[in-house]
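Peer 1: I have a structure I would like to understand better, so I am pasting it below and will then ask my questions one at a time.
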Amino acid sequence: MRPTFKAVLLIVLSMLAVLALSGCSEENTASTQRYGAKENLTSGTLIALQAVVALVMLVSLVALVIPGIPGITFIWLAALVYGLVAGFEKPAGIYMGIISGLMLLGNVIDNVLMGAGARKGGAPWRTTLVTVIAAVVGSLVWPPFGGVILAAVVLFVLEIIRLKDSEIALKSTGELLKGFGCSFLVRFLIGMVMIGLWIAWLVQSGQWLL
């Protein structure tokens, strides 16, 4: 079982545990304050839910330094499950929409920045397109490093064939790798913004208890 699938399984099991806790919560008194869109969560359940979601998000953020680990997607998944449990009130739906957009951006930024790096190094659009395709295929077939390795090899070979000059080919490949490095910084910032939006969502809806 690949590490990514193990991480997904861990997230799902953690969320299911919180869901079970929510379903098994006892209604001790009629005056107990309830939370969530349907007011179906006690304060203890909500604290447990928020703690699990926050932990998943922080671990996913740190995991972004490992190529091939979809930490951005895990952060989005944690926010989605929180919304499904606590409910999507008006501000929650807006925040979740923004978080979803950032998730999509974060998942394509690697290939975009690598392609931009290849272009900056002098590679033509056709070569850049083939390189980006190679990055996608490599990421799927040989995670976690297959994407960047295959993209670099393909770019170098194509530039050697086109220019017959290894120095220029190396320059283009170097710019591609710089773009790949920059993508980590961008994805990390996107992850931080996503977590910040989730916290803002909780604060604005009056659910923040941690």
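Peer 1: Using the per-residue mean of other Cβ atoms lying within 10 Å as a proxy for protection, in what order, highest first, do the peptides 91-100, 171-180 fall? All intermediate terms of the calculation are to be shown ahead of the outcome.
Peer 2: Details: 91-100: 16.7, 171-180: 20.9.
For the peptides 91-100, 171-180, the packing ranking is 171-180, 91-100.
Peer 1: Which is farthest toward the positive dipole end of segment 93-210 among S205, M192, F180, measuring Cα position about the Cα centre, with Cβ charges +1 (Lys, Arg) and -1 (Asp, Glu)?
Peer 2: The residue sitting farthest along the positive end of the dipole is F180.
Peer 1: Mind running the shape call on segment 131-206? Use the C-alpha gyration tensor, a ≥ b ≥ c as the square roots of the eigenvalues: rounded below 1.5 for a/c, prolate if a/b tops b/c, oblate otherwise. The partial results should precede the final answer.
Peer 2: Details: a/c = 5.09, a/b = 2.76, b/c = 1.84.
In terms of gyration-tensor shape, prolate.
Peer 1: Place a +1 charge on the Cβ of each Lys and Arg in segment 144-210 and a -1 charge on the Cβ of each Asp and Glu, then give the dipole magnitude about the Cα centre in debye, rounded to the nearest 20.
Peer 2: Details: 5 positive and 4 negative charges, 12 e Å.
Once rounded to the nearest 20, the dipole reads 60 debye.
Peer 1: How far is it, in nm, from the label point at L84 to the one at V59 when both lie 7 Å from their Cα along the line to the Cβ?
Peer 2: 1.8
Peer 1: Using Cβ contacts closer than 10 Å as the measure, can you line up R187, R119 from fewest to most?
Peer 2: On the way: R187 23, R119 18.
Ascending number of Cβ neighbours within 10 Å: R119, R187.
Peer 1: Shifting gears a bit: Using θ = phi - 60° and the Karplus relation 6.51 cos²θ - 1.76 cosθ + 1.60, list the HN-Hα couplings for segment 101-108 in order, rounded to whole Hz, with x at every Gly or Pro.
Peer 2: Along segment 101-108, the couplings run x, 5, 4, 4, 5, x, 7, 10 Hz.
Any read-out appearing in this document is the output of simple, stated calculations on the displayed coordinates, not a laboratory observation. Everything numeric here is computed off the predicted structure, so don't read it as measured data. Note that we place each Cβ from the backbone using ideal geometry, even for glycine, and neighbour counts take in every protein chain shown.
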